[in-house]
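The values are calculated or read from the model by the stated rules, or taken from the named source; none is laboratory data. Just so it is clear, the model here is predicted, and its values are computed rather than measured. Cβ coordinates were reconstructed from backbone atoms using ideal geometry, including for glycine residues, and neighbour counts include every protein chain displayed.
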Amino acid sequence: MVEKSKELANLARIGKLAIEPGTCGEIKGLLTSGTERLADARNESLALSSRFDLAYNAAHAFSLAALRWHGYRSDSRYLVFQAVPHTLGLPAATWRVLAKAHEVRNIAEYEGHFDADMTLLGNLIEAAERVRISVATLPSLPED
């Protein structure tokens, strides 16, 4: 069975996360989606904003896969990223990059102002890769 984190259980208790077992197929699908997007985010012929969007969505897919592996679901993208230290044990530095990317994404999405540079994109790609590698080391769930 999946290990339970006290922090994740507390978030579920206060209604921030829903308890819902993930499925092997769902997690595989998220990993495939994230892997494809992350590869495309590295394509230097694409615009910075496109690469950022691809890297952001890859990081989200990997982070969500980790949360689903632990048996939780969230409607909040921010909370999916915020849970990474508890789902994968990654350092705060990774979480901070994901949080900054989320902030930039929201401003672009809701206010129409995209404010990222190549440094943030590089950091986001590195963070997404760290999350991908960590998710890949989780034990497999039973097949659906």
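Within the stretch 69-87, the residues that satisfy the criterion of being within 12 Å of the chain's Cα centre (by Cα) and surrounded by 24 or more Cβ atoms within 10 Å (Cβ to Cβ) are VAL80, PHE81, ALA83, VAL84, THR87. Being assigned to a helix (DSSP H, G or I) and either of a type outside the set (Gly, Ala, Ser) or surrounded by 22 or more Cβ atoms within 10 Å (Cβ to Cβ) (or both) is true for just one of GLU26, GLU44. Which residue is that? Result: GLU26 is the single residue among GLU26, GLU44 that is assigned to a helix (DSSP H, G or I) and either of a type outside the set (Gly, Ala, Ser) or surrounded by 22 or more Cβ atoms within 10 Å (Cβ to Cβ) (or both). Scanning the stretch 51-78 for residues that are assigned to a helix (DSSP H, G or I) and at pLDDT below 95 yields ARG77, TYR78.
Would you confirm whether or not the stretch 84-103 contains a residue that is assigned to a helix (DSSP H, G or I) and farther than 18 Å from ARG130 by Cβ? Taking every residue of the stretch 84-103 in turn, at least one turns out to be assigned to a helix (DSSP H, G or I) and farther than 18 Å from ARG130 by Cβ.
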